[in-house]
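A.B. asks: Encoded as structure tokens, here's the structure I'll be asking about.
The values are calculated or read from the model by the stated rules, or taken from the named source; none is laboratory data. Being a predicted model, the structure only gives us computed values, none of them experimental. Note: ideal-geometry Cβ built from the backbone for every residue, glycine included; neighbour counts use all protein chains shown.
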Amino acid sequence: MGFAEQKQLDELYVMPTFARKQVCFVEGEGMRLRDDAGKEYLDFLSGIGVCSLGHCHPAVVDAIAKQAARLIHVSNYFYIEQRGEVAKLLSDALNGWRPEDAVGTWKTFFANSGAEANECAMKLARVWSRRNSHGGNIIVTLEGSFHGRTMETLAATAQPAKQELFEPLPGGFVHVPINDLEALQAVFDAHPQQICAVMLEVIQGESGVHPCTQEFLRAAEQLAHSNGALLIADEVQTGIYRTGKAFAFQHFGIQPDIVAIAKGVAAGVPMGACAAREDIAAAFQPGDHGSTFGGSNLAMAAAHTTLHVLHDEHFTTRVTEVGAYLAEALAGLAQVIEVRGLGLMLGAELDEALAPDVVAAGLEAGLVLNAPTPTTLRFLPPLVCEKADVDVLIEKLSTILSELGNKE
Ligand SMILES: Cc1ncc(COP(=O)(O)O)c(C=O)c1O
């Protein structure tokens, strides 16, 4: 079936929740994607930060194929091969792979998406507070945050434009501006013994790559803990080596109690995970939470291989080096006024609202780019991205930017 027919069927039968780009990718390998007409693209989005090992990494393909031929799904009523191993790999990664940094065992609940990982994190915080602290149920989140599209995660997402159509949303949320220490303190003062958690992205992704400051993160941890509340790090986008460490909080010397994980953890197979320190996780009892699909045999096979490859091949060094190279190259472009982020999660702020036009021109020129805001380009390439890929990107981007600039 050709592109025109695919598009027609899509438009007739698929809900119009995304403004789609005019392309249908049919094959991928590493950094490269190929469309149905055979045109090649370099991918700097990786399925929104999901294809951590690049497209169709041979080890992941092999693991999925072998597992699919043996057993795909049986449900959480049973023990599942590799589930304990994957949870241990996540626990070790959350402890920075260094025994001296370990805060103890982390226990994981497996789900299928980032929103579900956050749902679990918020339910656990409320249950923990009821069973172990003052029983407060308010969750504090940051303005500009993004935590998902379910009703509860949308209520947590402090972006009125995304929320208004769906009101009434679940209650129990208070929002404060990012990096505003006084506002955070004021919220705790205004709600004594009522707050069960502060939930934040260490680097906000969907708002255009906005990092929290170290001072703010440390204050959030300290205020939460001194007020009988928990710190939840939503590492759905920043986690799994994206920023050059296993988790972004590890750059800032803070210690969250609950961490939400998804995107890159299974290299493209849907998986979400909510990990909590053992003493916090103990607040859940059988029947408190669940999922039919979460932690399937297939997802475990993919995650097991992904986490081994990421750890064995020293992706921390690789992502840090290539990320710094990309950041420097972006900063050198005439139209770029600021580069934000860490590792291979970068935002380039343009001096004009040209980002959507750059994305469109990029597609024409064989680049997959992303514009979370009219002035921001966001780069989330597969973690296998090399300096040579960055060179191609920068050469094409600088031509695109100067051509668009000249049209003005
Ligand atoms: C920080 C963060 N949290 C949660 C989500 C929601 O994840 P999902 O779309 O897998 O539900 C996203 C998705 O972009 C995200 O970036």
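A.B. asks: Yes or no: Asn179 buried (at least 16 other Cβ atoms within 10 Å of the Cβ) and within 12 Å of the ligand (Cβ to nearest atom)?
C.D. replies: No.
A.B. asks: Which residue out of Gly144, Gly205, Gly136 is over 30 Å from Ile337 (Cβ atoms) and not aliphatic (A, V, I, L, M)?
C.D. replies: Criteria check complete, one pass: Gly136.
A.B. asks: What pairs come up if the first residue lies in the stretch 21-48 and is more than 16 Å from the ligand (Cβ to nearest atom), the second is among the aromatic types (Phe, Trp, Tyr) and in a helix (DSSP H, G or I), and their beta carbons are under 7 Å apart, counting only those six or more places apart or on different chains?
C.D. replies: Cys24/Phe3; Asp36/Phe3
A.B. asks: Something else now. Does Lys107 satisfy being among the basic types (Lys, Arg), more than 15 Å from His304 (Cα to Cα) and modelled with pLDDT under 95?
C.D. replies: For Lys107, the condition - among the basic types (Lys, Arg), more than 15 Å from His304 (Cα to Cα) and modelled with pLDDT under 95 - is not met.
A.B. asks: So, in the stretch 185-234, of the ones that are under 30 Å from Glu349 (Cβ atoms) and of a type in the set (D, E, K, R), which residue ends up surrounded by the fewest Cβ atoms within 10 Å (Cβ to Cβ)?
C.D. replies: Glu215
A.B. asks: The conditions are (1) part of a loop (DSSP other than H, G, I, E, B); (2) within 11 Å of the ligand (Cβ to nearest atom); (3) closer than 20 Å to Ser291 by Cα, and Glu81 fails exactly one of them. Which is it?
C.D. replies: So the condition that Glu81 fails would be (2).
A.B. asks: Restricting attention to the stretch 371-408, report how many residues are over 16 Å from Gly30 (Cβ atoms) and not in a strand (DSSP E or B).
C.D. replies: 19
A.B. asks: Here's another thing I want to ask about it. Could you pull out the residue among Ala117, Ala121 that is under 18 Å from Gly228 (Cβ atoms), out of contact with any Ser or Thr (no Cβ under 8 Å at 6 or more places or on another chain), in a helix (DSSP H, G or I) and within 16 Å of the ligand (Cβ to nearest atom)?
C.D. replies: Unique residue meeting the criteria: Ala121.
A.B. asks: Among the residues of the stretch 293-304, count how many are more than 19 Å from the chain's Cα centre (by Cα) and closer than 16 Å to Gly84 by Cβ.
C.D. replies: 3
A.B. asks: Also: Surrounded by 22 or more Cβ atoms within 10 Å (Cβ to Cβ) and among the aromatic types (Phe, Trp, Tyr), is that true of Phe146?
C.D. replies: yes
A.B. asks: One residue is enough: does the stretch 283-295 have a residue meeting the conditions under 30 Å from Glu29 (Cβ atoms) and acidic (Asp, Glu)?
C.D. replies: For the stretch 283-295, residues under 30 Å from Glu29 (Cβ atoms) and acidic (Asp, Glu): absent.
A.B. asks: Something else: Of (1) in contact (Cβ under 8 Å) with a residue 40 or more places away in the chain; (2) crowded, with 24+ Cβ neighbours inside 10 Å; (3) assigned to a helix (DSSP H, G or I); (4) not basic (Lys, Arg), Ala59 satisfies all except one. Which?
C.D. replies: So the condition that Ala59 fails would be (2).
A.B. asks: Report, by residue number, each residue of the stretch 138-153 that is more than 10 Å from the ligand (Cβ to nearest atom) and not acidic (Asp, Glu).
C.D. replies: Selection gives Ile138, Ile139, Val140, Thr141, Leu142, Gly144, Met151.
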